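Take a look at the structure below.
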Amino acid sequence: MTTVPNHIPLDGVELGLDTFGDKSVDLDGNPVSYGQVIRDVVEQGVLADSVGVDFFGVGEHHRDDFAISSPELVLAAIAARTERIHLGTAVTVLSSDEPVRVFERFATLDAISKGRGEIILGRGSFTESFPLYGLNLGDYERLFEEKLELLHELLKEGPVTWEGTLRAPMKNQEVYPKTDSGSIRAWVGVGGSPESVVRAARYGFPLTLAIIGGAPVRFAPYVDLFHRALAQQNMPDLPVAVHSPGFVADTDQEAADILWPHQKAMFDRIGRERGWGPMTREHFEAEIASGAQHTGSPETVARKIADTVRTLGIQRFDLKYSAGTIPHEHLMHAIELYGTVVIPRVRELLAEDPIAATA
């Protein structure tokens with residue numbers, strides 16, 4: 001099996017789950033507290049481990065519709081109760097964080113999980129953390145570029161000498177704790193900017209593409225660009241992952257009917273902030289039929305995931321299984337179906353067409 005420095009096989013496919021810790025309701029429609037949402041996410045991560053999911057990702061947000069602002073603490077709680085699942089962020093908002101602290105927190109997670117911790121680094125799709133931490137949005141691009149450069153040096157786990165324009169320089173400084181293996185699995189998350197794809201390749205980070213709308217095939221040029229950018233720098237090939245929304249229930253109709261009101265409420269709320277129009281059921285159904293939504297029965301979801309893997313030649317697919325206020329009980333059932341039915345079926349489908357996992 002061919003491997004790369006971040007310990008990810010290039011000739012296999014990992015199948016994971018992501019959640020943002022969306023503020024949810026119970027089965028009677030009553031709001032659930034932030035604390036209960038966080039406890040529920042821990043239970044969801046433990047279940048994902050027990051049913052054979054490869055990766056469990058937790059997002060970082062700083063707004064009232066999401067409960068998790070410190071994903072590493074949640075991941076550590078899951079790590080203490082699991083044995084095999086990889087645990088990471090989706091994403092760590094590096095632009096508004098301190099790279100030294102990011103390294104320290106993930107090195108600690110690495111110890112608790114016995115090497116199962118991961119970082120997906122990104123700029124995030126929301127900007128609330130910038131004023132919260134006293135940062136200037138005018139420095140948006142420069143903050144991410146400089147902090148990514150510094151974290152790249154820190155991840156080598158040796159003495160760091162670095163200088164930028166937005167924080168004090170480092171001169172031959174060590175950062176602790178060191179990890180047992182000498183490395184932390186790290187990716188860069190990208191929403192569709194060619195410049196961001198090339199940046200990930202320049203620093204030698206595997207790529208995670210967030211495909212949240214439209215047909216996944218639209219992102220094939222970004223996968224090709226990433227591999228070409230690596231080749232032009234004479235760097236070894238690296239994996240590509242996809243993060244996309246979806247939901248699993250016993251039947252296609254049940255999955256759509258459960259997801260629809262929660263998806264619409266979330267989409268419309270964000271749309272009011274960003275100038276989008278309200279989501280229609282027609283648009284929702286179109287996203288399920290031919291867009292980014294991997295939603296339906298286990299067979300339907302498995303076939304769509306396999307198609308996405310084949311189309312893009314990726315090495316990991318992470319289903320963002322939570323959306324808005326879906327109750328915990330529905331999410332737990334979706335995780336159980338994903339691990340026990342969807343994942344084995346995806347592997348069967350890809351075994352029938354091995355081109356999928358070797359692009």
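The values are calculated or read from the model by the stated rules, or taken from the named source; none is laboratory data. Because the structure is a prediction, the values reported are computed rather than measured. Cβ coordinates were reconstructed from backbone atoms using ideal geometry, including for glycine residues, and neighbour counts include every protein chain displayed. The accessibility values were calculated without ligands, DNA or RNA, using every heavy atom of the protein model including side chains. Shrake-Rupley method; radii C 1.70, N 1.55, O 1.52, S 1.80 Å.
Among residues other than Arg167 with Cβ under 10 Å from its Cβ, the summed charge is -2 (Lys and Arg +1, Asp and Glu -1). Percentage of Cα-Cα pair distances in the stretch 123-196 greater than 22 Å, rounded to whole percent? For the stretch 123-196, the share of Cα pairs beyond 22 Å comes to 36 percent.
Calculated on C-alpha atoms, the gyration radius of the stretch 209-359 divided by its Kirkwood radius gives an Rg/Rh of 1.01. Solvent exposure of the chain, expressed per residue, is 41 Å² of accessible area, with all protein chains present and a 1.4 angstrom probe. Counting every pair of alpha carbons in the stretch 55-145, the share spaced more than 20 Å apart comes to 35 percent. Taking every DSSP beta bridge that has both ends in the chain, the antiparallel portion is near 10%. For the stretch 140-193, the relative contact order is 28 percent, taking Cα pairs closer than 8 Å that sit 6 or more residues apart in sequence and dividing their mean separation by the residue count.
The length gained by stretching the chain between Val51 and Glu348 to full extension, at 0.36 nm per residue less their Cα-Cα distance, is 105.2 nm.
Taking the Cβ-Cβ separation of Ala80 and Glu282 as r and a Förster radius of 45 Å, what is the calculated FRET efficiency to the nearest 0.05? Show your work: numbers first, answer last.
Numbers: r = 45 Å, r/R0 = 1.00.
With a Förster radius of 45 Å, E is 0.50.
What's log10 of I(q)/I(0) for the stretch 202-286 at q = 0.18, 0.26 Å⁻¹, Debye sum over Cα points only, no solvent? At q = 0.18, 0.26 Å⁻¹ the computed log10 ratios are -0.87, -1.27.
Counting only protein heavy atoms and a 1.4 Å probe, tell me what percentage of the stretch 38-151's accessible area is made up of carbon and sulfur.
Carbon and sulfur: 53 percent of the exposed surface of the stretch 38-151.
The charge dipole of the stretch 228-283, taken about its Cα centre with unit charges on the Cβ of Lys, Arg, Asp and Glu (plus for the first two, minus for the last two), comes to roughly 400 debye. Lysine pairs in the chain whose alpha-carbon atoms fall under 16 angstrom of each other, counting only those eight or more residues apart or on distinct chains, come to 9.
Taking one quarter of the surface of the convex hull spanned by the alpha-carbon atoms of the chain gives a direction-averaged projected area of 17.1 nm². Of the three principal axes defined by the Cα atoms of the stretch 82-221, the extents in descending order read 43, 40, 29 Å.
What FRET efficiency, computed as 1/(1 + (r/R0)^6) with R0 = 30 Å and r the Cβ-Cβ distance, is obtained for Glu145 and Arg218, rounded to the nearest 0.05? It comes out at approximately 0.70.
Whole-Hz Karplus values for the stretch 38-48 come out as 5, 5, 5, 4, 4, 5, 5, x, 5, 4, 4 Hz, taken residue by residue from phi with 6.51 cos²θ - 1.76 cosθ + 1.60 and θ = phi - 60°; glycine and proline positions read x. Hey, how much of the P(r) for the stretch 19-61 falls beyond 17 Å, as a percent of Cα pairs? Result: 36 percent of Cα pairs exceed 17 Å.
Here r is the Cβ-Cβ distance between Asp252 and Val25 and R0 is 22 Å; the resulting FRET efficiency, rounded to 0.05, is 0.40.
Only Lys, Arg, Asp and Glu carry charge here, each on its Cβ (+1 for the first two, -1 for the last two); on that basis the chain has a dipole of about 740 debye about its Cα centre.
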